[in-house]
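Participant: I'd like to ask some things about the structure below.
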Amino acid sequence: YRKKYSDCFSKIDFDSLSTIQACTKLNNELRKLNIKINPNPSYILGIKPSTLMNMNFGNCQNYSNMGVLAMRSMGIPVAIDQMIDHQWNVVITPAGPVSFATAEDNPDGHFKHLKEWKKRFAKIHRQTFSINPQSLPFVCGKEEIPQQLNTPYLKDVSSEYFKGADIHVNTINSTVKNKQILYLCDFKNRFRFLDWAKIKKGKAEFKNMGDSIVYFPVYYFPSAI
């Protein structure tokens with residue numbers, strides 16, 4: 001990636017461009033791919049970096065991965081943020097992260113896809129390189145957990161996008177045995193696991209959830225999915 005895109009910058013660029021400007025300049029080069037986004041949210045795994053840079057058809061995960069590879073190869077600090085079935089990139093600046101879509105929308109405040117999703121923000125996570133010791137896999141014990149949340153490489157960054165509300169579930173079904181984790185789901189053709197909370201004395205609290213969304217507090221039973 002560095003070999004392919006280093007011609008986008010001169011020595012004077014690195015001395016004079018801001019992080020946002022450098023990200024925008026490289027993203028304008030990536031936009032020449034004229035990509036088409038597959039609306040199917042199912043993830044396609046295992047695509048080689050060398051293949052990604054030549055693809056003009058894929059899903060949001062593919063192009064978010066390509067954006068991280070291209071930007072970081074040039075020293076531009078970029079990460080991947082996600083909600084349950086959508087991913088996008090953020091460039092990290094001194095003033096905070098700024099969202100953009102690799103090969104589509106620049107980090108200039110006009111990210112149209114993010115605006116379309118904004119009313120449906122429930123919980124947003126950032127993919128991390130280091131392990132988050134507070135993540136679900138570290139606190140669930142032997143309890144089976146949903147695949148969507150079964151990774152220690154996620155950090156809750158919802159507060160960087162919206163001011164949410166804490167949701168308290170005060171009545172836990174005491175007849176359900178051996179469950180120490182409660183989940184909040186929404187429903188879009190299926191139940192989608194958005195967030196989790198540890199049950200304490202029959203109660204659970206979910207922090208900073210998006211509003212204007214119908215949530216379902218549920219236990220996870222793999223055989224029922």
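Participant: Going residue by residue through the stretch 80-99, is there one that turns out to be part of a helix (DSSP H, G or I) and within 30 Å of Ile213 (Cα to Cα)?
Facilitator: Looking through the stretch 80-99, none of the residues is part of a helix (DSSP H, G or I) and within 30 Å of Ile213 (Cα to Cα).
Participant: Would you be able to say whether some residue in the stretch 105-128 is part of a loop (DSSP other than H, G, I, E, B), within 19 Å of Tyr1 (Cβ to Cβ), modelled with pLDDT of 85 or more and open to solvent by less than 60 Å² (accessible area, probe 1.4 Å)?
Facilitator: yes
Participant: Is at least one residue of the stretch 1-8 among the basic types (Lys, Arg) and modelled with pLDDT under 80?
Facilitator: Within the stretch 1-8 (the criterion being among the basic types (Lys, Arg) and modelled with pLDDT under 80), the answer is no, since none of the residues qualifies.
Participant: So which residues in the stretch 174-190 are open to solvent by 80 Å² or more (accessible area, probe 1.4 Å) and either under 22 Å from Asp211 (Cβ atoms) or in contact (Cβ under 8 Å) with a residue 24 or more places away in the chain (or both)?
Facilitator: Residues satisfying the conditions are Ser174, Asn178, Phe187, Lys188.
Participant: Here is a further query. Can you name the residue in the stretch 83-98 that is at pLDDT below 90 and not aliphatic (A, V, I, L, M) and, of all such residues, is most open to solvent (accessible area, probe 1.4 Å)?
Facilitator: Pro94
Participant: Follow-up question, since we're still on this one. Select from the stretch 48-65 the residues that are polar (S, T, N, Q) and buried (at least 18 other Cβ atoms within 10 Å of the Cβ) and list them in ascending order. Please lay out each step first, then the result.
Facilitator: Our first condition is that a residue be polar (S, T, N, Q); within the stretch 48-65, this holds for 50-51, 54, 56, 59, 61-62, 64-65.
Those that are polar (S, T, N, Q) and buried (at least 18 other Cβ atoms within 10 Å of the Cβ): Asn59, Gln61, Asn62, Ser64, Asn65.
Participant: A further question follows. Given the conditions (1) of a type outside the set (S, T, N, Q); (2) farther than 30 Å from Asn178 by Cα; (3) modelled with pLDDT of 85 or more, report the number of the one that Leu45 does not fulfil.
Facilitator: Result: Leu45 passes all but (3).
Participant: Continuing with this model, one more query. Could you check the stretch 160-225 for strands (runs of 3 or more DSSP E) lying wholly inside it with 2 or more residues that are of a type in the set (Phe, Trp, Tyr)?
Facilitator: Qualifying strands (runs of 3 or more DSSP E): 181-187, 191-198.
The values are calculated or read from the model by the stated rules, or taken from the named source; none is laboratory data. Owing to the predicted nature of the structure, the values given are computational and were not obtained by experimental measurement. Neighbour counts run over all protein chains shown; Cβ positions are idealised from the backbone, glycine included. Note: areas computed on protein heavy atoms with side chains; ligands, DNA, RNA excluded. Shrake-Rupley method; radii C 1.70, N 1.55, O 1.52, S 1.80 Å.
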